[in-house]
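First up is the structure itself, then whatever we jot down about it.
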Amino acid sequence: MSTPLFTGAEMVVKALSALDVKYIFGYPGGSVLDIYDAIFQQNDFEHILVRHEQAATHMADGYSRATGEVGVVLATSGPGATNCVTGIATAYMDSIPMVVLAGQVATSLIGDDAFQETDIVGCSRPIVKHSFNCRRVEDIPNIIAKAFYIAKSGRPGPVVVELPKDILIPENKAKFHIETNVKMRSYNPTKKGHPKQIKKAVQAITKAKKLVIYSGGGIVLANASELLTQLVETLNAPCTNTLMGLGGLSGTHKNFIGMLGMHGSLEANKAMANADVILALGARFDDRVTNNVKKFCPNATIVHVDIDPTSISKTINAHIPVVGLVDIVLQQILDELTETQFSPDKTALEQWWQEINEWRAVDSVSYQQDDSKIKPQRVVEAMYKITKGEAYVCSDVGQHQMFAAQYYPFAKPRQWINSGGLGTMGFGLPAAMGVKLAFPDSHVICITGDGSIQMNIQELSTCLQYNLPVVIVTLNNRSLGMVRQWQDMIYGGRHSSSYMESIPDFVKLAEAYGHVGIKIDRLDELDSKLTEAFEIKNRLVFVDICVDEKEHVYPMQIKHGAVDDMWIKKGVKA
Amino acid sequence: MRRILAILLENEPGSLSRIVGLFSQRAFNIESLTVAPTEDESLSRITIATKGDDKVLEQIVKQVNKLIDVIKITDLTERSHVERELLLIKVLAMNDKSRTEVKRITDIFRGSIIDIGKQVYTIQLTGDADKLNAFLKTLAHETEIIESVRSGCVGIARGEKALRV
Ligand SMILES: Cc1ncc(C[n+]2csc(CCOP(=O)(O)OP(=O)(O)O)c2C)c(N)n1
Ligand SMILES: [Mg+2]
């Protein structure tokens, strides 16, 4: 009996099945029609047809953020592939594992400016972890296997695989062989932290009088939140999370001192500024955290644990670098603490917590609700109550994103899904759809703004097709609020192109797409109508909430200042 | 400070563009770059001459290492090493006087004249960047340079130390 031969298109599908893919997100076109034909003839995974390829990438991304699996995208050559670029960059900035299969014109046409030819590998080069130009039918399975391995190991990230049409068509067949246990001589990411560095780190931590644990998205990606919690409790240390790390330590944990950075809490930023040792775990000293790097925590010893050596000492010099997977390193640190029979310095801790509690008492993350316009923060609080803090909250980008981060304390990692690194408006809805697909029985909220929602609103149609009843909560301030806030604060209140005079009737729009629309513009009906919205389980509900357009996000770091130089309220410095 | 980095990487389509892209994307300086396959055809070796302080260099090395198809990178300038560059240069040699002068300078620098035209000499010279610069300067003094090309530097560590898989 001779070994069966397969077309490249069949190999793509077989490889994806072999890698246990459940969903792929995509949009067809000339160069990938053979793959679509092969997808049609299999039942191992489902293809979700989006309405715009950018949304496919965000959907795959959201799916990945919620499940930890690799998100998979399929797009045709040329415009299909270039439409993926924003989504690839979004995933890259937040280290999300993703594989994008992009069609390409036939090998013989490459370089001729053929119809729908773009060099997607070239276009995406600065925003991928790696990419492959696939050129032979028999290479397809192992290239896809490698793409998955690279995407999810080490510091995760997106991988692009370019597939020319001529290696997919029925005329060219080859034997199928896939090696899912990938080994590469040029790529062996570190796993364990160096024992010497672990010892040094533990020495610094145990000697500290004012320790802060600053943890980021790495904790979420590495599923290390239980270990983080254990460390925080062992040390009884204060812990702050970055925007990407929210939920890494529960937002209601007594040692949680809030998010840090630009719109972080006063206590988090003050604790950083006054710390003698900062233990950074899977965080990367982003400029939205540090404020002016020259003024950043000059007196602190910095212990920096990260899987990516380039993140260490890139912006802020690390005194004790530890390269490794943060879950493994956390375990090593905990073991070392046990071994050295660590017991906390009670007096120092007490004093440190006393200081922190004084900053906490300022209650910097707070707002005033009068009985006229609905405050956006009030909406987030209502959302939190109604969903008992258990919803997946997928955000777009703007003021609403910060309000959600500040007022919805996330109990668990992966509950909070937002584009932190790239800040991509239009991310929220498709990301929420990816999450809903993975967790159909959970509340999945897309919190968004009147600007952001319109950047991928066409996906309302996909939601109907695949029955994805997410709850869209639009904090409608009739403006590009975050832009307007900066114009108010920095540009003399000149609202250049930051408000929109032609916002559609979102209720009618939702209805036109076959969904339920609810408008809320009175404070006294907020709770009841929102509750009603969340009670509708089998249909998508678009809740359009008219909020106070003048509200600014506070607290806010003062530009060029130190990490704890902050505006607490309008005109009030910390 | 000037540094010479030697990189060993998979000889695959796109691997050079990733290196070049990285340098421009992160605003790292490239003074020269040379690339060719090694004796093992599956590997390429790149030599990059660059400039930067310790902090920048640390980032360059880490960022290059992070590229999936890079196997190893080393900073040759960290220890004793040999550095060579090839110069091919065409100069005017119109009359006896200038021909003798050009020949004399070439000999002093241990270069060789590899081609002669009616009015030009073509000279080959190898050495480190300093030597090549000095040669160019001296020649320019004596005659007119018509064309020149430099290979960019390559380098190798002295002694037992080797860059290999
Ligand atoms: C694709 C994209 N374009 C522009 C921006 C810059 N930007 C950041 S926030 C913002 C305003 C967002 O408005 P909206 O969605 O209504 O949210 P709001 O701030 O009003 O809550 C803009 C334009 C961005 N982040 N992403
Ligand atoms: Mg808005």
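Please treat every number below as a calculation from the coordinates, not as lab data. Remember, predicted model here, so these are calculated numbers, not experimental data. Cβ: placed from backbone, ideal geometry, glycine included. Neighbour counts: every protein chain shown.
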I need the calculated FRET efficiency for the pair A:Leu464 and A:Ala18, taking r as the beta carbon distance and R₀ as 30 Å, to the nearest 0.05. 0.40
Arrange A:Trp567, A:Trp352 by Cβ neighbour counts within 10 Å, fewest through most, would you? A:Trp567, A:Trp352
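List A:Val73, A:Val516 from most exposed to least, where exposure is judged by having the fewest other Cβ atoms within 10 Å.
Working: A:Val73 29, A:Val516 17.
The fewest-first ordering by Cβ neighbours comes to A:Val516, A:Val73.
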The helix A:523-535 Cα axis meets the longest alpha-carbon principal axis of chain A at an angle in degrees, between 0 and 90 and rounded to 10, of 40
Farthest positive-ward along the stretch A:195-361 dipole, Cα basis, beta-carbon charges - from A:Leu330, A:Asn274, A:Asn236: A:Asn274
The set of residues whose placed amide H lies less than 5 Å from the amide H of A:Asp565, leaving out same-chain residues fewer than 5 positions away, is A:Ile558
Extension gain, A:Asn236 back to A:Leu5 (0.36 nm per residue minus Cα-Cα distance, nm): 77.0 nm
List the residues of the stretch B:50-94 whose backbone N lies under 20 Å from a point placed 7 Å from the Cα of B:Ile108 along the Cα-to-Cβ direction. B:87-94
Signed unit charges on C-beta, dipole axis of chain A, positive-most listed residue A:Leu101, A:Leu460, A:Leu168: A:Leu101
Given Cα pairs under 8 Å that are at least 6 residues apart, what percent is the relative contact order of the stretch A:376-553? 23
For A:Val362 paired with B:Gln124, estimate the spin-label separation in nm (one decimal), with each label point 7 Å from Cα along the Cα-to-Cβ line. 7.2
Assign one of three labels to the stretch A:313-421, namely rounded, prolate or oblate, based on the Cα gyration tensor with a ≥ b ≥ c the square roots of its eigenvalues; rounded applies when a/c is under 1.5, prolate when it is not and a/b is larger than b/c, and oblate otherwise. prolate
Taking the dipole of chain A about the Cα centre (Lys, Arg +1; Asp, Glu -1; charges at Cβ), the one of A:Asn83, A:His515, A:Cys297 that reaches farthest to the positive side is A:Cys297
Centroid-to-centroid separation of the stretch A:219-263 and the stretch A:434-498 [C-alpha atoms, Å]: 27
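Could you compute the FRET efficiency for A:Asp521 and B:Asp75, with r as their C-beta to C-beta distance and R0 at 51 Å, rounded to 0.05?
Efficiency for this residue pair is about 0.20.
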Treating only the Cβ atoms of Lys and Arg (+1) and Asp and Glu (-1) as charged, compute the dipole magnitude of the protein assembly as shown about its Cα centre; round to the nearest 20 debye. 1900
Show the residues, 5+ positions off or on another chain, whose built amide H is closer than 5 Å to the amide H of A:Lys210. A:Asp276, A:Val277
Inter-label distance for B:Glu39 and A:Ala348, nm, one decimal - labels placed 7 Å from Cα along Cα-to-Cβ: 5.6
Can you give the helix-only mean residue ellipticity at 222 nm for the protein assembly as shown, where every DSSP H stretch with n ≥ 4 adds -39500 (n - 2.57) and the sum goes over all residues, rounded to the nearest 500 deg cm²/dmol? -10000 deg cm²/dmol
Karplus couplings for the stretch A:213-224 from phi (6.51 cos²θ - 1.76 cosθ + 1.60, θ = phi - 60°), rounded to Hz, Gly and Pro as x? 9, 10, 10, x, x, x, 4, 5, 4, 8, 6, 9
Using alpha-carbon pairs under 8 Å, 6+ residues apart, how would you state the relative contact order of the stretch B:2-78 in percent? 48
Over all directions, the average projected area of the alpha-carbon convex hull for chain A comes to how many nm²? 28.0
Mean separation of Cα contacts under 8 Å (at least 6 apart) over the residue count of the stretch A:195-361, i.e. the relative contact order in percent, is 28
Once amide H atoms are built 1.01 Å from N in the peptide plane, which residues 5 or more positions from A:Val72, or in another chain, come under 5 Å H to H? A:Phe25, A:Val99
Can you give the charge dipole size of the stretch A:376-553 about its Cα centre, rounded to the nearest 20 debye, using +1 on the beta carbon of Lys and Arg and -1 on the beta carbon of Asp and Glu? 380
Exposure-ranked with fewest Cβ neighbours within 10 Å first, B:Arg3, A:Arg135, A:Arg494 stand as A:Arg494, A:Arg135, B:Arg3
Once you place label points 7 Å from the Cα toward the Cβ at A:Lys199 and B:Asn65, how far apart are they in nm? 2.1
Phi-derived 3J(HN,Hα) across the stretch A:260-269 with the Karplus relation (6.51, -1.76, 1.60, θ = phi - 60°), rounded Hz, x for Gly and Pro, is 10, x, 3, 10, x, 6, 4, 4, 5, 5
If you take every DSSP beta bridge whose two residues both sit in the protein assembly as shown, what share of them, in percent to the nearest 5, is antiparallel? 45
Phi-based couplings in Hz for the stretch A:561-574 (Karplus 6.51, -1.76, 1.60; Gly and Pro marked x): x, 7, 4, 9, 7, 9, 8, 8, 9, 3, x, 10, 8, 5
